[in-house]
1. Is it the case that region 106-116 has a residue that's in contact (Cβ under 8 Å) with a residue 24 or more places away in the chain and under 27 Å from Leu38 (Cβ atoms)?
2. I want to confirm something. Restricting to region 221-254 and keeping residues that are basic (Lys, Arg) and surrounded by fewer than 19 Cβ atoms within 10 Å (Cβ to Cβ), which single residue is farthest from Arg144 (Cα to Cα)?
3. Of the residues that make up region 298-311, is at least one more than 19 Å from the chain's Cα centre (by Cα) and buried (at least 19 other Cβ atoms within 10 Å of the Cβ)?
4. Pairs needed: first member in region 47-68, over 15 Å from Thr36 (Cβ atoms); second member anywhere, part of a helix (DSSP H, G or I) and hydrophobic (A, V, I, L, M, F, W, C); C-beta distance under 6 Å; at least 6 residues apart or different chains.
5. I'd like to check which strands (runs of 3 or more DSSP E) are fully inside region 237-350 and have at least 1 residues that are in contact with a strand residue (DSSP E or B) (Cβ under 8 Å, 6 or more places away or on another chain) and aliphatic (A, V, I, L, M).
6. Restricting to region 99-119, count the residues that are in a loop (DSSP other than H, G, I, E, B) and crowded, with 20+ Cβ neighbours inside 10 Å.
7. Are any residues in region 34-47 touching a helix residue (DSSP H, G or I) at 6+ places or on another chain (Cβ under 9 Å) and surrounded by fewer than 17 Cβ atoms within 10 Å (Cβ to Cβ), and if so, which ones?
Amino acid sequence: MAMRLGEALVKEGLITSQQLAKVLERQVIYGGRLGTNLIELNMLTEEALVKFMGRVFKVPYADPKAFEGIKREIIEAISPTVAERYTVIPIDREPKRLHLAMANPTDLLVIDEIRFITGYEIVPYFASELRLLYALERYYRVQRPVRFITVLSREQEEVPQEVATEVVLPSAGSPLQVEEAELAARAVPAPPNISQRLVEAKDREEIASIILDCASSHLKRVALLVVKADAMIGWRGMGNELTDERMSRIQLPLQQPSIFRTVIDGRNFYQGIIPPMPQNLALLEMMGGEVPQEAIAFPLTIKGKVVCVLYGDNGDQSRLSGDLEELKKVMLKASMALEMLILKKKILEM
């Protein structure tokens, strides 16, 4: 459906081919549905998207007003667990039918399962991912990831522009061209199967898992944060009770000095103590409060722009030890893997 949707939007004249290329690139880097990324980039309004998708799916679309003031007895027709699992919201109820807003109203398996669970015939409606997440939080107390909190207020963010591709080798003092970086990377053998796993990765989540698997073999606490506009947003984490769920609640402004501001501005690797700056301490508090003796931060770059940062430490028990060149190489190859995904997505969906 994603390929047909992008092509259909271009054919309809709602977006251009250049805009589609940009939003596909952003989708690989930040995740989310195609429609969500279009709204975030202000290329399409939510109203235009849901009306268009209603025509594509040949089902009614749920007007945003339908999500305001939904009666308790309607909400209680579906449990919070079911609503969260399938990302659905009941918007009306009749004696034998339940009107259900869904991100994919053609998913007959989900419709059949909810029909079985509730005992109602299901009348599906299309709704945007953003609106559904907003309603899940409002009616079922399912917390939205930080990324989606401000989207409906029209906040815009940028993706890396079309510039000459360059890759930062974190241990170097300045950016290297791709060929030089590849030669330097070969100096340290990659962990067994890491390179093959990155080549075969099907999406950003798989690449994140590979990075964390490798990083956690060197460090007790590791976290991935996405760089969006002037903020860093938590993505994935593990170790010392740090979980993906906790990471999803993290948002760190980048206007003030921090080790992350240093890494992003210089596109370079950081290793050392954590200076007691407000932003550094705020992140540590959001990750559990433990202040490490020493930490590292690696940039992950796409087309010369830092889109993600890997943070790691060993807690307050010890300083970092050993050679981190292996991890630096994995981050370099992860950048290349993301760029491969972007190219594949453009080939398949444009």
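The values are calculated or read from the model by the stated rules, or taken from the named source; none is laboratory data. The shown structure was predicted, so the numbers you read here are calculated from the model rather than taken from an experiment. Glycine also receives a Cβ, built like all others from the backbone with ideal geometry; neighbour counts cover every protein chain displayed.
1. The answer is yes, given that some residue of region 106-116 is in contact (Cβ under 8 Å) with a residue 24 or more places away in the chain and under 27 Å from Leu38 (Cβ atoms).
2. Within region 221-254, the first condition is being basic (Lys, Arg), and the residues that meet it are 221, 228, 236, 246, 249.
So of that shortlist, the ones also surrounded by fewer than 19 Cβ atoms within 10 Å (Cβ to Cβ) come out as 246, 249.
Values: Arg246: 12, Arg249: 8 Å.
Per the stated criteria, the residue is Arg246.
3. For region 298-311, residues more than 19 Å from the chain's Cα centre (by Cα) and buried (at least 19 other Cβ atoms within 10 Å of the Cβ): absent.
4. Tyr61/Val50; Phe67/Ala135
5. 251-253, 295-302, 305-313
6. Final tally of qualifying residues: 2.
7. Hits for region 34-47 are Thr45, Glu47.
Residue by residue, here is whether (1) in the same structural domain as Pro253 (by TED's automatic domain parsing); (2) outside any helix (DSSP H, G or I); (3) closer than 28 Å to Val291 by Cβ holds:
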position	(1), (2), (3)
Ser195	yes, no, no
Lys202	yes, yes, no
Glu205	yes, no, no
Ala208	yes, no, yes
Ile211	yes, no, yes
Ala215	yes, no, yes
His218	yes, yes, yes
Leu225	yes, yes, yes
Met232	yes, yes, yes
